[in-house]
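Readers should treat all values here as calculations from the given coordinates under stated rules, not as data from a laboratory. What you see is a predicted model; the values in this text were computed from it and never measured. Cβ: placed from backbone, ideal geometry, glycine included. Neighbour counts: every protein chain shown.
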Amino acid sequence: MTQFDLTDDQRAIQEMAQRFTADAITPHAGEWDEKHIFPRDTIRAAAELGFGGIYVSEEAGGIGLGRLEAALIMEAMAYGCPSTSAFISIHNMSAWMIDRFGSQALKDKYLPDLVPMTRMASYCLTEAGAGSDAAALKTKAVRASDSEGDHYVVTGSKQFISGGGENDLYVVMLRTGEDGPKGISCLVIEKDMQGVSFGAQERKLGWHSQPTAQVNFDGVRVPVENLVGAEGEGFRIAMMGLDGGRLNIGACSLGGAQRCIDESVTYTKDRKQFGQSIADFQNTQFTLADMQTELEAARTLLYAAAVKVTENAPDKTRFAAMAKRFATDTGSSVVDRALQLHGGYGYLMDYPIERFWRDLRVHSILEGTNQVMRMIVARDMLRG
Ligand SMILES: Cc1cc2nc3c(=O)[nH]c(=O)nc-3n(C[C@H](O)[C@H](O)[C@H](O)COP(=O)(O)OP(=O)(O)OC[C@H]3O[C@@H](n4cnc5c(N)ncnc54)[C@H](O)[C@@H]3O)c2cc1C
């Protein structure tokens, strides 16, 4: 695996995540997928290593690392299970939004439980009528005041929420003002608040180790102190969260695809047809060479984008979008070729390839589709 001039500390973190994955994730991931098991205990064990608050500040109890370190951790865990790694990424994104934009009271209220993942958080942007056009969201928060104090009354519904129904906290983008992005705010809503309910668990192609469900709000009363940032800042905060989330999703594709390359090297050396290892065919060798070359290119771009997000570079959003698009498309293409190299066996659940093929497919769709990534890049290029 490329070292991209990693520091000794970064290498140590990467190795720690790789060891954790080999011990606690890889041996079980196939069963989690097959039986749709949500591995809560393993996720909490990851949090004991600090992975529940990777880029939450040290003052707030996190491990205060940068986005390259986060990508290294996500990539390492995805080598065992992209679905579980991505779940932890979404929690990190939500915790970071509270740490970066929440009031001290809000941080004190939630981060001591979020960092160790004794409570887990979801990110709620998408609605049935507002997917790629997220700023068209309609979930409404109306400010009110009574003898018990200031609060919002929230009504609406969020679609496709990772962790929906299982997680304890929901970081929700909702409308407090005018149409469009400037009328959007961000509130933390608790699972047990009256009026919160969940749709049935979605039945999905992949990501079986984590829940996905609709989250509904029916007149939910949320204290004003649960506002993240100021009123009207919610969309900007949500997009800043996604800069990091997109790097992590791209990193999950890198880790999953690297696993499939490594599996393919072993398999093609072992499998014999026409009296020789299929690894001896030049087609196999060229395919493997292309898979590794393309993945290294994606990895290098993703690490570079991660450094830009850490440094708050002016072109960080463009780079995060380019890296997410390229790493997730490349990852899926690599895994597809790995499946082909495994022949019919690649299609069977006896080998892990088909699970990675299914798990990586959604990475081109969520946290902004790869068409939306191209829109972000082109818009920035044409801005002048
Ligand atoms: C398993 C899973 C987990 C998810 N988890 C979360 C979560 O935790 N939180 C959350 O908020 N959301 C989550 N999502 C939602 C995800 O982010 C959306 O599905 C995604 O943003 C796309 O929205 P959509 O599905 O409504 O597709 P649409 O927006 O309807 O897009 C359909 C197609 O049209 C294309 N398209 C749309 N607009 C344009 C355009 N202007 N130009 C070119 N092409 C366009 C899209 O690229 C896509 O190919 C999750 C989704 C899935 C499947």
Spelling out what I want: for every residue of segment 65-78, take phi, set θ = phi - 60°, compute 6.51 cos²θ - 1.76 cosθ + 1.60 (Karplus), and round to whole Hz; glycine and proline get x. 8, x, 6, 5, 4, 4, 4, 4, 5, 4, 4, 5, 5, 5
Just in segment 101-192: which GluC sites (Glu not before Pro) are loop by DSSP and have at most 13 other Cβ atoms within 10 Å? E148, E178
Which of these, M193, M120, M322, has the largest mean-square fluctuation under a Gaussian network model of the chain (Cα springs below 10 Å)? M193
FRET efficiency (K182, K269; Cβ distance; R0 41 Å; to 0.05) is 0.10
Average projection area in nm² (convex hull over Cα atoms of the chain, one quarter of hull surface): 19.2
Cα-Cα pairs of segment 121-230 separated by more than 16 Å (percent): 56
I'd like the distance between the alpha-carbon centres of segment 211-258 and segment 191-205, rounded to an integer number of Å. 16
Hull surface divided by four, with the convex hull built on the Cα atoms of segment 214-267: how many nm²? 6.3
Expected max-MSF residue from K269, K140, K191 in the GNM of the chain (alpha carbon, under 10 Å) is K269
Name the lysines eligible as straight-distance cross-link partners of K109: C-alpha to C-alpha under 17 Å, and not fewer than 8 places from it in the same chain. K191
Taking the chain as a Gaussian network, where each spring joins two C-alpha atoms under 10 Å apart, which residue of L205, L72, L302 fluctuates the most? L205
If one compares the long axis through the Cα atoms of helix 26-35 with the longest principal axis of the Cα atoms of the chain, the angle in degrees, nearest 10, works out at 70
When N counts the residues of segment 316-384, how does its alpha-carbon radius of gyration compare numerically with 2.2 N^0.38 Å, as a ratio? 1.38
Between V56 and residues 5 or more places away or on another chain, which pairs have amide H atoms under 5 Å apart, with H built 1.01 Å from N, and which residues are they? I63, G64, L65
Cross-link reach list, lysines versus K316, counting only Cα pairs under 27 Å and skipping chain neighbours closer than eight places: K107, K182, K308, K324
So, relative contact order of the chain in percent, Cα under 8 Å, 6 or more apart, is 17
Helix 234-270: inclination vs the chain longest Cα principal axis, degrees, rounded to 10, gives 20
Given a Förster distance of 35 angstrom, what is the FRET efficiency for S57 paired with A297, based on the Cβ-Cβ distance and rounded to 0.05? 0.60
Calculate the FRET efficiency for D146 and E311 from the Cβ-Cβ distance with a Förster distance of 56 Å, rounded to the nearest 0.05. 0.75
The rounded separation in angstrom of the Cα centers of segment 54-104 and segment 317-384 is 21
